[in-house]
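Chemist: Input: one structure, supplied below.
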Amino acid sequence: DSFIEILQNLNIQMIFLDEAHVCSSWGHDFRSDYKKLGILRTYFPKAVFAALTATADEITRRDIDVILKFNNHIVFMHSFDRPNISYAAYRKYGKGQDRTLELIQTYPVGTCGIVYCFTRKDTEEMAKYLNSNGIKCLPFHAGLKKSEKELAQSTWMSGDTPVIVATIAFGMGIDKSNVRFILHVNLPKNIESYYQETGRAGRDGLPSEAILFFSAGDVITLKSFATIEGNEEQSKIMLSKLEQMADY
């Protein structure tokens, strides 16, 4: 309420909402605060309002319309194709550490990339393994101290730390042009998440790679996270999205 009061004292003419897919409980990385943002339409009815996202399927787009109170609006949709990014999938053996090292070693020393792992523990172990084998990298996950996360992010952005090993806690809002590879050691929970995360590669338009490791064990693990207790409808949709990812 206090923030709305501050805004009302300003001459707000435009409101832009980025990462709008998180408005939707059917989308990924759902955040309840985003569901409240539709109230801005009530307080600032004359302001130009735009919602932007790189990943929103039909269900998610409908949710965005409802939550943000869109009706007589224009929808702009661009192709999802990123022709400079090549996609590859490999079967994972064990924790995938050896194969991750092999793939990173195919790039010139200092090549910028992101290695995504599922758990904080996996992130720490992978970073330790890569560092011990000559790949300069740092871990990033929600359990680190603020100073540690800031160091990892700032040195990666500057290029001093070429590789960052992270959970999906890393990446939202990151805009670094020269990311040459995105490597997922674990299966993402849905296609939208995967596209969002791989889209951080090759923003300079140069050839880049999205590499995915696959194991049936990841599917089993993610199924337990996809089930929302007391919400059968949402669980069904989340499991369906996971099934699409596994089919890919």
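The values are calculated or read from the model by the stated rules, or taken from the named source; none is laboratory data. Just so it is clear, the structure is predicted and the values come from calculations on it, not from any experiment. With ideal geometry, Cβ positions are generated from the backbone for all residues, glycine too; neighbour counts draw on all protein chains shown. These area figures cover heavy atoms from the full protein model, side chains too; ligands, DNA and RNA do not enter into them. Shrake-Rupley method; radii C 1.70, N 1.55, O 1.52, S 1.80 Å.
For (1) aromatic (Phe, Trp, Tyr); (2) open to solvent by 30 Å² or more (accessible area, probe 1.4 Å); (3) in contact with a Gly (Cβ under 6 Å, 6 or more places away or on another chain), each residue gets a yes or a no:
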{"site": "ALA169", "(1), (2), (3)": "no, yes, no"}
{"site": "PHE181", "(1), (2), (3)": "yes, no, yes"}
{"site": "LEU187", "(1), (2), (3)": "no, no, no"}
{"site": "ARG203", "(1), (2), (3)": "no, yes, no"}
{"site": "ALA210", "(1), (2), (3)": "no, no, no"}
{"site": "ALA226", "(1), (2), (3)": "no, no, no"}
{"site": "MET245", "(1), (2), (3)": "no, no, no"}
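Chemist: Any chance the stretch 175-185 includes a residue that's closer than 22 Å to LYS95 by Cα and either part of a loop (DSSP other than H, G, I, E, B) or modelled with pLDDT under 95 (or both)?
Modeler: Within the stretch 175-185 (the criterion being closer than 22 Å to LYS95 by Cα and either part of a loop (DSSP other than H, G, I, E, B) or modelled with pLDDT under 95 (or both)), the answer is yes, since at least one residue qualifies.
Chemist: Right, here's the next one. Where the second residue is in a helix (DSSP H, G or I) and the first is more than 18 Å from CYS112 (Cβ to Cβ) and lies in the stretch 143-162, which pairs have Cβ atoms under 8 Å and are six or more apart or on separate chains?
Modeler: Close Cβ pairs (under 8 Å, with a partner that is in a helix (DSSP H, G or I)) amount to GLY143/ARG120; LEU144/ALA152.
Chemist: So, one more: For the stretch 131-138, does any single residue satisfy the condition of being under 17 Å from LEU212 (Cα atoms), at pLDDT 95 or above and hydroxyl-bearing (Ser, Thr, Tyr)?
Modeler: No; the residues of the stretch 131-138 include none that is under 17 Å from LEU212 (Cα atoms), at pLDDT 95 or above and hydroxyl-bearing (Ser, Thr, Tyr).
Chemist: Considering each of SER32, SER86, SER79 in turn, give the residue that is of a type in the set (Ser, Thr, Tyr), closer than 30 Å to PHE213 by Cα and out of contact with any strand residue (DSSP E or B) (no Cβ under 8 Å at 6 or more places or on another chain).
Modeler: SER79
Chemist: Of the residues GLY143, GLY171, which is of a type outside the set (A, V, I, L, M, F, W, C), farther than 19 Å from GLU197 by Cα and in a loop (DSSP other than H, G, I, E, B)?
Modeler: GLY143
Chemist: With in contact with a Gly (Cβ under 6 Å, 6 or more places away or on another chain), closer than 29 Å to LEU17 by Cβ and polar (S, T, N, Q) as the only criterion, which of ASN72, ASN84 stands out?
Modeler: Within the list ASN72, ASN84, the selection yields ASN84.
Chemist: Is it the case, given these coordinates, that ASP63 is touching a helix residue (DSSP H, G or I) at 6+ places or on another chain (Cβ under 9 Å), closer than 27 Å to GLU209 by Cα and of a type in the set (Asp, Glu)?
Modeler: no
Chemist: Suppose we filter the stretch 145-167 for residues that are exposed (fewer than 15 other Cβ atoms within 10 Å of the Cβ) and not polar (S, T, N, Q); how many remain?
Modeler: Result for the stretch 145-167: 7.
Chemist: ASP175 fails exactly one of the following numbered conditions: (1) acidic (Asp, Glu); (2) over 18 Å from the mean Cα position of the chain (by Cα); (3) under 22 Å from ASP18 (Cα atoms). What is the number of that condition?
Modeler: It is condition (2) that ASP175 fails.
Chemist: Give just the number: which of (1) closer than 18 Å to GLY217 by Cβ; (2) assigned to a helix (DSSP H, G or I); (3) within 17 Å of the chain's Cα centre (by Cα) does GLU125 not satisfy?
Modeler: The single condition GLU125 does not satisfy is (3).
Chemist: Now for a different question. What are the pairs with Cβ atoms under 6 angstrom where one residue, in the stretch 37-63, is closer than 22 Å to THR198 by Cβ and the other, located anywhere, is open to solvent by 80 Å² or more (accessible area, probe 1.4 Å)? Sequence gap at least six, or different chains.
Modeler: If the second residue must be open to solvent by 80 Å² or more (accessible area, probe 1.4 Å), the pairs left are LEU52/ASP18.
Chemist: Could I ask something else about it? Where the second residue is part of a loop (DSSP other than H, G, I, E, B) and the first is closer than 19 Å to THR123 by Cα and lies in the stretch 73-99, which pairs have Cβ atoms under 6 Å and are six or more apart or on separate chains?
Modeler: Correct list of pairs: LYS92/SER215; GLY96/VAL185.
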